Structures are given as C-alpha cells and as structure tokens.
Amino acid sequence: MPPSDFTDTNQNETPSLKAAPNFLTSPVNYMSHHVQSLLLKILKQGPIPQHLGFIMDGNRRFARKMNYKQVVEGHFMGYDKLQEVLNICLHLGVKVVTIYAFSIENFKRPKEEVDTLMELAKTKFIELCEKSDLVNKYDLCVRILGNIALLPIDVQEAAKKVVDTTKHNTGSILNICVPYTSRDEITSSIKSVIKSVENGHMQIRDINEEIIEKCLYTYGSPPLNILIRTSGEIRLSDFLLWQIRASHYINTKQELSFYDKECDLRDIDNVNESIVNANQLDNNSTIKFLICLISFPNPTMYSPMK
Ligand SMILES: CC(C)=CCC/C(C)=C/CC/C(C)=C/COP(=O)(O)OP(=O)(O)O
C-alpha cells in the first residue's frame, strides 16, 4: 500500500485505489501519496480555514463518464472521497465542515436514485455511530441540518442516533445537510422567530439579523470561510445563502484547470509547479491549494468533465 498520512477508515485497504482503477494504477499514484504528504506538511504551516462548506457535485456525470452500470455508483464513490477529504480537513485543523449531502430538490429525482441515496445516508449515519475512525480520531460531533421530517422514518432515526451519540464530542464538527435548502432554512428560522413573538418572548422591534441567524440550522458554527463546489458548476444551488455573505467561493474545476488535459495522465511536473506556488502562500492561495491537494489522488470530487 502506498504510504500516506491519510489512511481511510478501513486501514487495510485503499478504497480510492480499488474504486477507481482506471485512474490510479500508474506509479504516478504511488508518487501522489508522497507528494500529498509533503504538501500537507507545507499546508499545515499556513492559515487554516475554520469552516469549510462543500457542495458535492458531479457524481452522476462522473459515473457516466466512467461507463459505470448505474449512476448511483458515482454517489458511492463520492462518499468514499468525502471521507478522504474530511480526513484531510480535520487533520489540518479545520474546525467545522458543512456538506451538502441532499437537497430538498433532490427528492424530485428518480425514485430508485432517491431510495439508494436514502439507504446510503442511513448506512453511513449508523456507521458513524458505531465504527467510525473519523469520529474517534477527531472527537467529531456530527450534526444533521435540514428539514429532517421530510426523510423516511428509518433515516430520521439513524440521523437522530448519530447526533445523540456524538453530541458531547468536542473536537471538530461535521454538519451534514440532508435534506436541505437555504430557503427552507431561512423560512424555518423566520417561523421560529414569529413563534417567539406570538409566545410573548420577544417584540417585533427586537427582530434583527442576529436573531434570525440564531435560528438557522448552522447556529453555533463559526462564519463560513470557504464554499467549495466540485464538478465545475458555479451555481450555489440554494446552499448556505445566508452564511456565504463573506466567504470565498471555489470551483474545483477552475482551480484544477492545470489537470485538464487528461485526468489519468496528471504529470508530476504540474505538481512540482504547485509546490513552488506554495512557497508564496497567502490566505487565499493556501485555500485554493488545499482544494487542489484534496482533489489530487482520487478524481471523484473533481469530476473530469470537459
Ligand atoms: C452521509 C451522507 C448523507 C452521504 C451522502 C452521500 C452522497 C455522496 C451524496 C451526494 C448526493 C448528490 C445529490 C450529489 C450531487 O451529484 P449529482 O448527482 O448532482 O451529479 P451530477 O451533477 O453529475 O448529476
């Protein structure tokens, strides 16, 4: 197994290697683990964002491009990649990671895909409760943000279980947004505020941005520093619209454009170029560099569409 600072939850295998043989069979992959370790050491010297948001996109396009039998396989690979990315973020000292796992709009997708995603969510919630290296290693507190009542009952129960099991953990926080949209979050916040007024706990004149923010699902997390979207799309897709006020927005495809030739032929010269750039890191480039880094060994988060 190639040496790496970032072993996945299963110590005995490298899921990314197994999952994407077409991309990761060459000696470049072996090198990539060395390079990744080196880059992480460099990154650790620089400013580390407190709160990162991820819009995980491009899973189905990736599955189609790879000619997988079913598009949902792209989602499975997406989850594997997510674990790797989380490992890297938490290792670097990022305090909160918020991921867009399922939009309320996603319920309009074909039933079979929705059912598979719900089953995946349930399985992963239970895994996070029971045998998660990620939770143990980083004393991770998992929060489920969104309109939980829209989830099937068994998924709601699994969500509640993972929240209850990890709620006293004081390390980092993982916010999993499922099923979520910003408009729904803001609507729910406004309803809570109105309820407080109706109950006589507050006057209309007391309502301000701070009060509305206190009723958002993300309350308690530090300001969002960076929102990252994979796959090349630049839309926000109704994610963290309130919270993004002062954030940087990163589109991984743009940041990784130097990989655009052929994903499976990422040559090491390009990586060297990145290391050189890392010598002149400022806040912003550290962050962009982080994105390049985390997308490096496994293509799922960076779905290589043209
Ligand atoms: C713990 C937990 C809840 C995990 C969630 C698992 C997971 C990988 C969710 C992502 C689902 C999703 C709608 C991705 C977007 O890609 P897309 O389907 O929109 O891809 P496309 O843009 O290529 O169509």
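Can you classify the stretch 84-214 as rounded, prolate or oblate using the Cα gyration tensor, where a ≥ b ≥ c are the square roots of its eigenvalues, rounded means a/c under 1.5, and otherwise it's prolate if a/b beats b/c and oblate if not? Because a/c hits 1.5 or more and a/b fails to exceed b/c, the stretch 84-214 counts as oblate.
Considering all projection directions equally, how large on average is the shadow of the alpha-carbon convex hull of the stretch 158-258, in square nanometres? Write out the running numbers ahead of the final one.
Numbers: hull surface 35.4 nm².
If I average the Cα hull's projected area over directions, I get 8.8 nm².
Which of the pairs Lys124/Lys160; Lys69/Lys161; Lys131/Lys160 have their Cα atoms more than 22 Å apart in this structure?
Pairs exceeding 22 Å: Lys69/Lys161.
Evaluated with a Cβ-only charge set (Lys, Arg +1; Asp, Glu -1), the stretch 155-254 carries a dipole of roughly 200 debye about its Cα centre, given to the nearest 20.
Two numbers describe the Cα atoms of the stretch 66-111: Rg and Dmax, which are 13.8, 38 Å. If you average the C-alpha positions of the stretch 132-211 and of the stretch 56-91 separately, how far apart do those two centres end up, in angstrom? The stretch 132-211 and the stretch 56-91 have Cα centres spaced 25 Å from each other.
Restricting the stretch 136-245 to chymotrypsin sites (Phe, Trp or Tyr not before Pro) that sit in a DSSP loop and have at most 12 other Cβ atoms within 10 Å of their own Cβ leaves Tyr219.
What number comes out for the charge environment of Ala63, summing +1 per Lys or Arg and -1 per Asp or Glu over other residues with Cβ under 10 Å away?
Working: positive: Arg60, Arg61, Arg64, Lys65, Lys69; negative: Glu73.
It works out to a net charge of +4.
Taking a Cβ cut-off of under 10 Å around Gly220, the surrounding Lys, Arg, Asp and Glu residues balance to a net charge of +2, with basic ones at +1 and acidic ones at -1. Starting from one equal scatterer on each C-alpha and no solvent at all, send me the Debye-based log10 I(q)/I(0) for the stretch 68-152 at q = 0.11, 0.14, 0.20, 0.25 Å⁻¹, two decimals. Here log10 of I(q) over I(0) equals -0.34, -0.55, -1.08, -1.44.
Taken together, the values in this text are just the output of simple stated rules run on the coordinates, not laboratory data. All values derive from a computational prediction rather than experimental measurement. Here Cβ is always computed from backbone atoms with ideal geometry, including for glycine, and neighbour counts include all displayed protein chains.
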